Amino acid sequence: MTATVSGLMAEIADTGRDDARGGYSRPVYSTAEQDLREWFSEQARRRGLDTGTDSNGIIWAWWDTPFGVRDDAVVTGSHLDSVPGGGAFDGPLGVASALAAVDLLRERGLTPAKPIALAVFPEEEGSRFGVACLGSRLLTGAIDPDKARNLRDPDGNTFADVAAAAGLDPRHVGPDPDALGRIGSFVELHVEQGRGLIDLDQSVGIGSSILGHGRWRLRVLGQGNHAGTTLMEDRHDPMVAAAGIVTAVRDCALRHPGARATVGRMVPVPGGTNVIASAVDLWLDVRHADDAVTAAVVEAIHAESLRVAAAEGCTVRLTEESLSPTVHFDPALRSRLGGLLPGAPVLDTGAGHDAGVLAAALPTAMLFVRNPTGVSHSPEEHVEDDDAEAGARALADVLQGLAGK
Ligand code: GLV
Ligand code: MN
Ligand code: MN
Ligand code: MN
């Protein structure tokens, strides 16, 4: 039996629903994300794929060749974790499409000449531990394992403790040259997160590049005090400075065409209605196609933040949490995808993906499926059923072309 993408997506439609925020909240290694990982593993096992989790928490499901050699594999997959209050498709669409593509290839009678593997990466969003694509960064050595082990979630739990509770041995997270060495190419299918395919009136496109992007934390330090007894002129209120910094972030990005800069999360410390905060943490996300411009925007934001904070008698500390340079997908692999999907448009994206991290180690490519709202990281993200099935067919065509005889 051949599963449809929409049928598979319907099976997980209730997992991790967040009625308070809307959409889905599936932080890595939460009950919701673990349930999805179990669902995927069960789906893979049902298809006879040899399925297991590696030391970095990446699930691999293998469709071996008759010779059983795991070398030069064609790998596809995505992630099952989400941002808080995210859409249904960011991540799971690529996972469901991978399963559906296996069914389509079986239906076509394919005997792979190269092994095909499906992969599910943990903490792609960085929503829980702050560093996006943590699984693929650990796999490729793009993050120091000690730094990863010591990352903390908003409740103060370390990644090491959470990983251990999820059944991993945190001592063994880190670069895995054997796992990487088995992969010949990686193709990630993903819901498009902007309006590119809408404007082109196409259901499926091929990825060209990912904007360079990074995350920084700005800690604004002021003086905690009493909301009732402290005169307005006596205050060093970091919330007032933070408000000015948020506006400065927008203005600095506007001065650099093509730049995107966002403060999506801000936490006052200690956080009481009748308390002037002593500190405020702001998390900053900056992206641009030119890494030098990203650096210039961050520098401008830092300078502006120092100025705004000083005017309130506050100080600011800026810390880099992660940085990913602009990625251009492998030109040879991209042109093979172009040959396998004639007429498919080529487009870039401002969103980060595990395919972008893996691109430093091996040839990677992406397929995007139209999102009729053009909105993502929001419950409004959407994919029509026909487009989802077209995406799975395109992925099957690509896997067949890369792994078939
Ligand atoms: C993840 O989706 C990101 O681009 O932030
Ligand atoms: Mn994603
Ligand atoms: Mn995302
Ligand atoms: Mn992403």
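The values are calculated or read from the model by the stated rules, or taken from the named source; none is laboratory data. In this text the structure is predicted, and so the values were computed from the model without any measurement. Cβ coordinates were reconstructed from backbone atoms using ideal geometry, including for glycine residues, and neighbour counts include every protein chain displayed.
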Could you list all residues from the range 73-93 that are buried (at least 24 other Cβ atoms within 10 Å of the Cβ), assigned to a strand (DSSP E or B) and either within 16 Å of ligand 3 (Cβ to nearest atom) or of a type outside the set (Gly, Ala, Ser) (or both)? Val75, Thr76, Gly77, Ser78, His79, Gly86
Output for Cβ contacts, cut-off 8 Å, separation at least six or different chains, first residue at pLDDT below 95 in the range 51-73, second assigned to a loop (DSSP other than H, G, I, E, B) and surrounded by fewer than 16 Cβ atoms within 10 Å (Cβ to Cβ), reads Pro66/Thr111
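Can you tell me which residues in the range 57-72 are among the small types (Gly, Ala, Ser) and either buried (at least 18 other Cβ atoms within 10 Å of the Cβ) or assigned to a strand (DSSP E or B) (or both)?
Step one: filter the range 57-72 for residues among the small types (Gly, Ala, Ser), giving 57, 61, 68.
Answer for the range 57-72, where residues must be among the small types (Gly, Ala, Ser) and either buried (at least 18 other Cβ atoms within 10 Å of the Cβ) or assigned to a strand (DSSP E or B) (or both): Gly57, Ala61.
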Matching residues in the range 94-134 - criterion: being within 14 Å of ligand 3 (Cβ to nearest atom) and at negative phi: Gly94, Val95, Phe121, Pro122, Glu124, Glu125, Ser127, Arg128, Val131, Ala132, Leu134
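Looking at the range 78-89, can you tell me whether even one residue there is among the acidic types (Asp, Glu) and away from ligand 4 (no atom under 15 Å from the Cβ)? Walk me through how you get there before you give the answer.
First, pick out the residues of the range 78-89 that are among the acidic types (Asp, Glu): 81.
Subset that is away from ligand 4 (no atom under 15 Å from the Cβ): none.
For the range 78-89, residues among the acidic types (Asp, Glu) and away from ligand 4 (no atom under 15 Å from the Cβ): absent.
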Hey, can you tell me all the residues within the range 1-21 that are farther than 30 Å from Arg108 by Cα and exposed (fewer than 15 other Cβ atoms within 10 Å of the Cβ)? Asp14, Asp19, Ala20, Arg21
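The rows are residues; the columns are (1) within 16 Å of ligand 2 (Cβ to nearest atom); (2) within 10 Å of the chain's Cα centre (by Cα); (3) among the acidic types (Asp, Glu); (4) outside any loop (DSSP other than H, G, I, E, B).
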| position | (1), (2), (3), (4) |
| --- | --- |
| Val95 | yes, no, no, yes |
| Ala100 | no, no, no, yes |
| Leu105 | no, no, no, yes |
| Gly109 | no, no, no, no |
| Lys114 | no, no, no, no |
| Glu125 | yes, yes, yes, no |
| Arg137 | yes, no, no, yes |
| Lys147 | no, no, no, yes |
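Quick one: would you say Gly194 is in the same structural domain as Leu399 (by TED's automatic domain parsing), touching a Gly at 6+ places or on another chain (Cβ under 8 Å), within 27 Å of Val293 (Cα to Cα) and not aliphatic (A, V, I, L, M)? Give the steps one after another, and end with the answer.
Working: in the same structural domain as Leu399 (by TED's automatic domain parsing): yes; touching a Gly at 6+ places or on another chain (Cβ under 8 Å): yes; within 27 Å of Val293 (Cα to Cα): yes; not aliphatic (A, V, I, L, M): yes.
Answer is yes for this residue.
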How about the range 251-306: which of its residues are of a type in the set (Asp, Glu) and under 20 Å from Val327 (Cβ atoms)? Asp285, Asp290, Asp291
